[in-house]
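Take a look at the structure below.
The values are calculated or read from the model by the stated rules, or taken from the named source; none is laboratory data. If you're wondering where the values come from, they're calculated on a predicted model, not measured in any experiment. Every residue, glycine as well, gets a Cβ built from its backbone with ideal geometry; the counts of neighbours run over all protein chains shown.
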Amino acid sequence: MELWIPITIGAAFMQNLRTALQKHLKAALSTSGATSARFFYAVPFAVLYVVLLTRLLDQPLPDPNPLFLLHAAIGGITQIVATALLVLLFSFRNFAVGTAYSKTEAVQSAIFGIVILGEAVSLQAGFAILVSVAGVFAITLARSAEGLSTIVASLVGKPALIGLAAGAFFGISAVEYRAAALALGGEGFLLRAAFTLACVTVWQSLVMAAYMRWREPGQMTKVFRSWKVTGLVGLTGMLGSVCWFTAMTIQNVAYVRALGQIELVFTFIASYFIFRERSNAPEVVGILLIVAGIVVLLLD
């Protein structure tokens, strides 16, 4: 098994947990406050991870050249926007529709990967990505009381447009992070990925702190007062990011994001076995499509 596969699966699991915690935060904090939590509390963990790697691997810190800084800065900003849009979706009654459209990130990552890095995917991988995305929409259809017509009609609705925008920004940020890590050069992928993550996290924290000081000064206090939950958001977010950055440094972003759809399989398993929630036929079909897409991708 290639190393990027278990790393990506770990990333998807931690993202699932972080999203659940972040949704809980939205009740107490603004969109910006809930968004910033993952960045503020991730900084010490990310920096500590880099320090530990330099000691364990006995390697010097990478040299942050201008190309690295450019890609890291763009990736950091676009991820902030994407995360804010995703958190904003929780404010809508039918946020599941928007969330589903945000999962088109895998397809959009493939497109941005070609545009930014010139990295194309094979026909088999492209087919696998489309099958997985079809599975995501099947799950959304299963959870919608109105049916397919509502899903199609919702394409011009605000939640869907926000979801598509979130997917686009997530796709851009992922490709930019891979570009930043590759710009560092060198052979060790672990330290390059960790250094990129630490630099991006510090940058994002500074941007969010400045924005909230300007627009929502009271939110900073609330974020730090909610440290028991926000700290967990930061920790789980950092652990997930470590896995994402490492996997994307090794492999084409589109492949990594396509496998990352396994996050919904984790959600399905938890709903069925832990919460004893029954699933209908379209939802089961959706899960099977995601699994089938992942299998086809891994056989590529």
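Structure above, values below:
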item: Residue within region 269-281 that is closer than 27 Å to Val107 by Cα, surrounded by 19 or more Cβ atoms within 10 Å (Cβ to Cβ) and in contact with a Phe, Trp or Tyr (Cβ under 8 Å, 6 or more places away or on another chain) present; result: no
item: From Pro60, Pro44, residue being part of a helix (DSSP H, G or I), surrounded by fewer than 16 Cβ atoms within 10 Å (Cβ to Cβ) and on the phi < 0 side of the Ramachandran plot; result: Pro44
item: Any hit, region 50-69, residues being within 16 Å of the chain's Cα centre (by Cα) and either closer than 30 Å to Asp300 by Cα or modelled with pLDDT of 95 or more (or both); result: no
item: Answer from Thr236, Thr249 - the residue that is of a type in the set (Ser, Thr, Tyr), on the phi < 0 side of the Ramachandran plot, buried (at least 20 other Cβ atoms within 10 Å of the Cβ) and in contact with a Phe, Trp or Tyr (Cβ under 6 Å, 6 or more places away or on another chain); result: Thr249
item: Number of the condition not met by Thr196 [criteria: (1) in contact with a Pro (Cβ under 9 Å, 6 or more places away or on another chain); (2) of a type in the set (S, T, N, Q); (3) outside any helix (DSSP H, G or I)]; result: (3)
item: Subset of region 100-113 (residues that are over 19 Å from Ala180 (Cα atoms) and either at pLDDT 90 or above or surrounded by fewer than 24 Cβ atoms within 10 Å (Cβ to Cβ) (or both)); result: Thr104, Val107
item: Selected residue (only one of Ala125, Ala134 is modelled with pLDDT under 95 and more than 18 Å from Asn252 (Cβ to Cβ)); result: Ala134
item: Among (1) crowded, with 17+ Cβ neighbours inside 10 Å; (2) at pLDDT below 95 - the single one Glu187 does not satisfy; result: (1)
item: Only listed residue being within 29 Å of Val50 (Cα to Cα), modelled with pLDDT under 80 and assigned to a helix (DSSP H, G or I), chosen from Val87, Val97, Val81; result: Val87
item: Residues of region 108-132 that turn out to be closer than 19 Å to Ile294 by Cβ, free of Cβ contacts under 8 Å to residues at least 60 places away in the same chain and among the hydrophobic types (A, V, I, L, M, F, W, C), as a count; result: 1
item: Residue in region 213-233 that is of a type in the set (Ser, Thr, Tyr) and either at pLDDT 75 or above or under 22 Å from Ala106 (Cβ atoms) (or both) present; result: no
item: Candidates Leu197, Leu289, filtered to the one that is surrounded by fewer than 24 Cβ atoms within 10 Å (Cβ to Cβ) and hydrophobic (A, V, I, L, M, F, W, C); result: Leu289
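Here is a yes/no grid of residues against (1) outside any helix (DSSP H, G or I); (2) more than 19 Å from Thr83 (Cβ to Cβ); (3) touching a residue at least 40 places away in the same chain (Cβ under 8 Å):
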residue: Arg192; (1), (2), (3): no, yes, yes
residue: Val200; (1), (2), (3): no, no, yes
residue: Gln204; (1), (2), (3): no, no, yes
residue: Leu239; (1), (2), (3): no, no, yes
residue: Val242; (1), (2), (3): no, no, yes
residue: Ala254; (1), (2), (3): no, yes, yes
residue: Thr267; (1), (2), (3): no, no, yes
residue: Arg278; (1), (2), (3): yes, yes, no
